[in-house]
Every structure is written in structure tokens, then in C-alpha cells.
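This report refers to the structure that appears directly beneath it.
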Amino acid sequence: MKLEYIVGAIAILFVAQFFYGLAANPGSEFGGADGAAEDVISGIDPSYEPWDPGFPKFEPPGGETESLLFALQAAIGAIVIGYFFGYYRGKNQSGQ
Amino acid sequence: MHIFEGFLPSPWWQLWFAFSIPVILFGMYRLNRLVSERREIVPLLAVAGAFIFVLSSLKLPSVTGSSSHPTGTGMAAVLFGPAITSVLGLIVLIYQALFLSHGGISTLGANVASMGIVGPFVAYAFYKAASKVNMNFYLNIFLATAIADWVTYVVTSTQLALAFPAGGALTVSGFLSSFTAFAAVFATTQVPLAIMEGALTALIMKYVVQVKGDVLVNLQVLTSEAVNKLKGAVG
């Protein structure tokens, strides 16, 4: 259980750094760093326009659909991980 | 680390494709061979891919007041090597580019290079080197993954600074000035996330050792003595 305690402590420190960040950046919405890089680009080259390679793509209409797709991504991954760990664990126990 | 669609001008997006495509092809070849020779690793491959899926979907807040996400590639890199990891990274990046308008098709080459190739390569190289000097397995995984996560964002900063050097022309000082600006956004934000990701990867590897230690021996990640020692430890 030792490693679990260490990881738990790191998770608590992670939450602490978030609250520190919250206090240090009042009014920040914690937007994506990817988007912040866009601002850096327009600071360096204000005339740059992103070009369109013309691939058909789907853009989520809003934050709700986007969060749905991100949640689906996480859920699918979590199911796969949980399924195989359970499978291995059960197999090990029945083999003993 | 996602460079958005259209945000890399010519010739940079082509150059990053030229960098990534050979590695992807080699990774597909390695993946095919591994899967046909060792059917028993397929579930572990699925778990490593799923781990990338989960971690790269989590947008975590950082002390800088921005959010960013872990990459999740450290586990696959240590288990299967960077070439196979690049294929797994490609799958996740295509999903995010097509359905989430996160990243893009034109920038796929560059995004695979940072998240799928250079970061995992660093994790793999670090893990192998630290194994040689008998570093504690979980500390090794933690450091290899955290460093790889962070390096991924340093690569993104480099890619953007090469494409957008300050002053317009690509000079050393223009590159460095832009790199500093991009790294301030990415690399600083990423430090707490990299630490968290390293810790989570160490934890999931602990469970892999417990339930499927023999596969780690087959993949030459650990010796069988090391697996027995880790299993026996009350850790």
C-alpha cells in the first residue's frame, strides 16, 4: 500500500497547487494552454491566419457536446482498463 | 501540446510529417510482429492505449492559471517502446482532431512527433538507462513518465518557435525569443501535470506487475527476479 499513499499525497499536492493557482490568478478561467499559444502566435505575427487544409471535420457546436466527447473518451478508456485488470485478477485467483 | 489546425505554415507541417511517417510505419511493422508472435500481450496493449485515451482527455488546471492535459504515453513507451507508442498516440490524436477539433489534420505530423515520438522516446531511453543502474522500478517509471510528459511540451514549444520566430525570419535569437514565449505557456503549466502523470503511471504499473508480471518479463521490461521481488515486497 506504500505506493498508493505516495500517489495520494501527490494528488493532494496537486489539488493544493490548483488552489494556489486559483488565488494567484484571480479571474482566470483556466483556459487551455493550447489556446494560450494561439495568443502568443498572434503576438509574434499578428497577420498570421490559420489556413484550412480542406479536410471535412466535425466541430462540436458548444461546450456541452465537447464535454460529452471528452467524457466518452475517458469512459471508453476506463472501461478497457478496468475490464482487463479484472479479467487478469480473476484469472489469477481461479488459477491458484 | 495540440497545435491547432492550420497553425503550422509551409514547410513546417510537411517537415513534421516527413519526420513522423517513417516512425509510424516502423511502429506499425513492430506492432504487427508483436501481435502475431505474442497474442498474450494484446490485452496489455489495449490497456496501454486506453491509458493514453483516458489521460489525454483530462484537462487539468495548473498553478499558472491555464489548463493542460497529460499525455499518458509513458506506460506504453516503457512496455512496448517508442515506435509502437507512436501508433497508439496517432490513434488518439486522430480522434481528437476529427471529433473534438483539438489539434488538426495538417498538424497531425507535428503533434505525433511531440506526443507520440519524442516524449515516448525520452521515457524509454530514461527507463532503460535507469534500469541499468538499478533504480527502484516505481521511481524509475515516475521519473521517465514525468520527464517524457514535460519534454512533449518542450517539443511543441520548439515546433511553434521554429514556425513563428520573433521578427519573422528564422534566426537563432528570433527562435530563442519565441521559444521562451511558447515555453512560458506550455512548459511551466505542464510541471505539476507531469508530476501527477508520473505518479499515476507508477501506480498503474504496480498493478500490471501484480496481475501480469510474466508479460513484463516476456517484453524484457523487467527480469523475472525483479518481478518476484516487486511482488513479494509489501509495497
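The values are calculated or read from the model by the stated rules, or taken from the named source; none is laboratory data. The structure displayed is predicted, hence computed values, not measured ones. Cβ: placed from backbone, ideal geometry, glycine included. Neighbour counts: every protein chain shown. These area figures cover heavy atoms from the full protein model, side chains too; ligands, DNA and RNA do not enter into them. Shrake-Rupley method; radii C 1.70, N 1.55, O 1.52, S 1.80 Å.
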Of the residues in segment B:1-47, those that are open to solvent by less than 20 Å² (accessible area, probe 1.4 Å), more than 20 Å from B:Thr71 (Cα to Cα) and of a type in the set (S, T, N, Q) number 0
Output the residues belonging to segment A:32-53 that are within 19 Å of the chain's Cα centre (by Cα) and loosely packed, with under 14 Cβ neighbours inside 10 Å. A:Gly35
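Of the residues B:Leu58, B:Leu44, which is in contact with a Lys or Arg (Cβ under 7 Å, 6 or more places away or on another chain) and farther than 18 Å from B:Val122 by Cβ? Break it down stepwise before answering.
Details: B:Leu58 fails: in contact with a Lys or Arg (Cβ under 7 Å, 6 or more places away or on another chain).
Checking each option against the conditions leaves just B:Leu44.
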Got a sec? Which of A:Gly35, A:Gly43, A:Gly77, A:Gly63 is more than 9 Å from chain B (Cβ to nearest Cβ) and of a type outside the set (Ser, Thr, Tyr)? A:Gly63
Of the candidates B:Gln220, B:Gln210, B:Gln190, B:Gln159, the one satisfying the condition of being polar (S, T, N, Q) and on the phi > 0 side of the Ramachandran plot is B:Gln220
Out of (1) more than 8 Å from chain B (Cβ to nearest Cβ); (2) within 23 Å of the chain's Cα centre (by Cα), the one A:Phe85 does not meet is (1)
Residue among B:Ala146, B:Ala123 that is open to solvent by 10 Å² or more (accessible area, probe 1.4 Å) and more than 10 Å from chain A (Cβ to nearest Cβ): B:Ala146
